[in-house]
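Heads up, the thing below is written out as C-alpha cells.
Rule-based calculations on the coordinates, nothing more; no lab input. The model shown is predicted, which means the values in this text are computed figures rather than measured ones. Cβ sites come from the backbone with ideal geometry, for glycine too, and all protein chains shown count toward neighbours.
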Amino acid sequence: MSGALKLGFAPFAMPSKGVLIAFCNSELKFGPATRKLLAPAADQIRRAAAADHFTGKAGSALVIVAPDGLKAARLIVAGTGKADDPKAQDPVKLGGAVMGRVPGRESEVTIVAETADGVMKPDAAADLGLGALLRAYHFSRYKTKTKEGDERAKSVKVTIGVSVGDVAAARKAWSQREAIADGVVMARDLVNEPANILHPEEFARRAQALRKAGIAVEILDEKALGKLGMRALLGVGQGSERESRVVIMRWNGGKKGDTPIAFIGKGVCFDTGGISIKPAASMEDMKGDMGGAACVVGLMHALAARKAKVNVVGAIGLVENMPDGNAQRPGDIVTSMSGQTIEIINTDAEGRLVLADVLWHVAKKYKPKFMVDLATLTGAIIVALGQEYAGLFSNDDKLSERLTKAGEATGEKVWRMPLAPEYDKMIDSKFADMKNTGGRYGGSITAAQFLQRFVDKTPWAHLDIAGTGMGSPSTDINRSWGSGFGVRLLNRLVADHYEK
Ligand code: BES
Ligand code: MN
Ligand code: ZN
C-alpha cells in the first residue's frame, strides 16, 4: 500500500510548516517565483551551499533545517544541473528524487514547480507529482511494529505550487497521472503480497474489483477452463490445493465494434517448480511469479480510470505450481486448447504452458489488433539483460518499435531479442508436437518460440520481465520489491498509438 499520499496543486505560496522543496540549476540560480519565496533565507542558502560544496548538480540537494525567516521546518534545494541536460530534468524522476529526500515522519511537503528556466508547464508539474507518489510507495501491510527512528507519517500531504493561472490545468493533467499512479501501485501491491494470501482465487477477486472502474470482468473457473480445453494451463495447477482461474477483463472506451487490443499476463501465484522442484535459495521470490498478471490488472485500471479511448481485452492465467501426489510429471503429455500436444520435460517451465492456452483463447475469441504478453518467464533473461531491460520478442516490427520507443519515454526499457526457425526447432519433441523446454542454450528465446506457436498470425509481442518485475534495482521512483514494471510502458504505448 502507498502510505496514503494526498496530492494537490495551489498557487506558489510559503507553507506554514513541513518541508519546502525548491529547484536551482548548476549556477545556483532559482526561477523568479522561487527567488521571491526564498528571499528571507537567501543569505543563509548562499552560506550553506558554500559550506556544503553544493553546486546544484543534477541529483544533488542542499538541506537546511529551520531556514531563516521561513515557516517551513526544512528547506530542500534540489539541483537540476545544466539547462542543456534534458535527462536530468525529467520531471517524473525529479519528483521521485526530491520525495526521497523527505524524512518519513514528515506529513506536509510543498514542492515549488519552477526551475531556473521558469515555471514548469502543467504537464511537468503533474509529472512531478507522479514521481513523488511512486517514490513514496511502501508496502507495509504486514508490519505491526516500527523501530525507533523509522516512524512514518500515516499520510503525507504533498502540495505542488504552480503559477495562479495553471492550477486548473495542472489538476486536469494530474487526473490522468493519478490513474497511472494508482495502476502502478495496484500492480506493486499484488506482486508484494505473499502467496498464502494471494492465491489464484483471491487474485481473481482482486481483479474483480476493477468493475468499480467500469471494466467488465469475467472469471473462468476450472470447470469452464476444462470445457474450453485449456489442459496445458490446468496441468500446471493440478498439483495445488488451490484452484486455477482465468480472468478476462474488458474496457470498451473506444468506438463500438472497434477491434480491441489485448494484454495477457502470466499469473503463477507461486512457483515451486513442481515435481522438477526449485532449490530452496530465494524460492520465496517466486511469490512474484505473477508479475505479468499484476501488470495487466494495473494497466486495465489505469486505462479505465483515465477513460482511455480504446477497446482493450486483458487476460490473466492464474495458477499455483506445486508438487503433490496429483502433480504433473516430467514425461507427461498434455493437449493444449489449440489442439497441439506438449511433452512436459521440466515442470518448472510452467509459465509458457499457462500462457499458451490464454494466448490461443484471446487470439481466437477476440481477434485483437495485437497481443502483448508479460511474464516473469525465464531466469535466462536475467543472465542476458540483467535487471535494466525487459526482453522483447515479437513477430511484428512496428509493434516492437513502438514498444521500444514507449520504453525509452517511460524508463521502462525493453530490448528486442531474436526469434528464428532454427530456435523453433529446438522445442520439437520425440513424442508430441513440442516439448516445454529447449535445452540449456538460448533459454529465453526457446521459451518465446514456444509462445509463438500459440499466437497464429496475430501481431504479438512477448515481454520477459523476470529481471525487471521484481527485486530490480532501486530507482528515483521505485523502492519497492515489486516494481509494477510494464504499467507505465504499456499505458504509454496505448496513449501514443491506439487512442483516437
Ligand atoms: N518463474 C520462473 C522464471 C524466473 C526465475 C522468474 C527467476 C524470476 C526469477 C520460471 O517459471 C522458470 O522456472 N523458468 C525456468 C525454465 C527452465 C526450467 C527451462 C528457468 O528459468 O530456469
Ligand atoms: Mn518455473
Ligand atoms: Zn514461473
What the Cα atoms of the chain span along the principal axes, largest first and in whole Å, is 80, 50, 41
For the pair Asp117/Ala209, report the inter-label distance in nm, with labels modelled 7 Å from Cα in the Cβ direction. 3.9 nm
Would you compute, for the Cα atoms of the range 364-500, the largest minus smallest coordinate along each principal axis and list the three values in descending order, in whole Å? 49, 36, 22
Note, ³J(HN,Hα) from phi for the range 340-351, Karplus 6.51, -1.76, 1.60, rounded to Hz, x at Gly and Pro: 6, 9, 10, 8, 7, 8, 9, 6, 7, 8, 8, x
Give the percent of DSSP beta bridges with both residues in the chain that are antiparallel, rounded to the nearest 5. 40 percent
Lysine pairs in the range 252-358 8 or more apart or on different chains: how many have alpha carbons under 25 angstrom apart? 7
Distance histogram in 5 Å bins (all Cα pairs of the range 102-200, percent per bin): 2, 11, 18, 18, 17, 13, 9, 6, 3, 1, 0
Just the number: Rg to Rh for the range 132-246, Cα atoms, Kirkwood Rh, two decimals. 1.11
In whole Å, what are the extents of the range 1-156 along the principal axes defined by its C-alpha atoms, from largest to smallest? 46, 32, 29
Taking the highest mean first, how do the peptides 466-472, 211-217 order by number of other beta carbon atoms within 10 angstrom per residue? 466-472, 211-217
Förster-model FRET efficiency, 25 Å R0, Arg416 and Lys364, C-beta, rounded to 0.05: 0.40
Sequence-distant or interchain residues sharing an amide H contact under 5 Å with Phe270, placed H: which? Asn321
Counting only residues 5 or more places away or on other chains, whose amide H sits under 5 Å from the amide H of Val310 once H atoms are built in the peptide plane? Gly253, Gly254
Whole-Hz ³J(HN,Hα) from phi, Karplus 6.51 cos²θ - 1.76 cosθ + 1.60, for the range 276-284, glycine and proline x: 7, 5, 6, x, 5, 4, 6, 4, 4
The chain, relative contact order in percent, only Cα pairs under 8 angstrom and at least six apart counted: 15 percent
Using a Debye calculation, one point per C-alpha and no hydration shell, please list log10 I(q)/I(0) for the range 174-322 at q = 0.11, 0.14, 0.17 Å⁻¹ in order. -0.42, -0.66, -0.91
Cα gyration tensor of the range 421-500, axes a ≥ b ≥ c as square roots of the eigenvalues: rounded (a/c below 1.5), prolate (a/b > b/c) or oblate? oblate
Restricting to the range 217-349, compute how many DSSP beta bridges are antiparallel as a %, nearest 5. 60 percent
Relative contact order %, the range 254-405, counting alpha carbon pairs below 8 Å whose residues are six or more apart: 33 percent
If the chain between Lys6 and Ala168 were fully stretched, how many nm would it gain, using 0.36 nm times the residue separation less the Cα-Cα distance? 56.6 nm
Compute the acute angle (0 to 90°) between the alpha-carbon long axis of helix 122-136 and the principal axis of greatest extent of the alpha-carbon atoms of the chain; round to the nearest 10°. 70 degrees
I'd like the orientation of helix 291-305 relative to the chain: the angle between its Cα long axis and the longest Cα principal axis, in ° from 0 to 90, rounded to 10. 60 degrees
Using only DSSP helix segments of four residues or longer, with each worth -39500 (n - 2.57), what per-residue ellipticity at 222 nm results for the chain after dividing by its residue count and rounding to 500? -10000 deg cm²/dmol
From the phi of every residue in the range 381-393, what ³J(HN,Hα) in whole Hz does the Karplus formula 6.51 cos²θ - 1.76 cosθ + 1.60 yield, where θ is phi - 60° and glycine or proline is x? 5, 6, 5, 6, 10, x, 10, 9, 10, 8, x, 10, 10
Once Lys255 and Ala66 are pulled to full extension, the length gained, defined as 0.36 nm per residue separation minus their Cα-Cα distance, is 62.4 nm
Long-range amide H partners of Thr347 with built H, under 5 Å: Ser276
With label points built 7 Å along Cα→Cβ from the Cα atoms of Arg46 and Thr341, find their separation and express it in nm. 8.5 nm
Checked the range 131-176 against the a/c 1.5 cut and the a/b vs b/c comparison, axes a ≥ b ≥ c from its Cα gyration tensor; verdict prolate
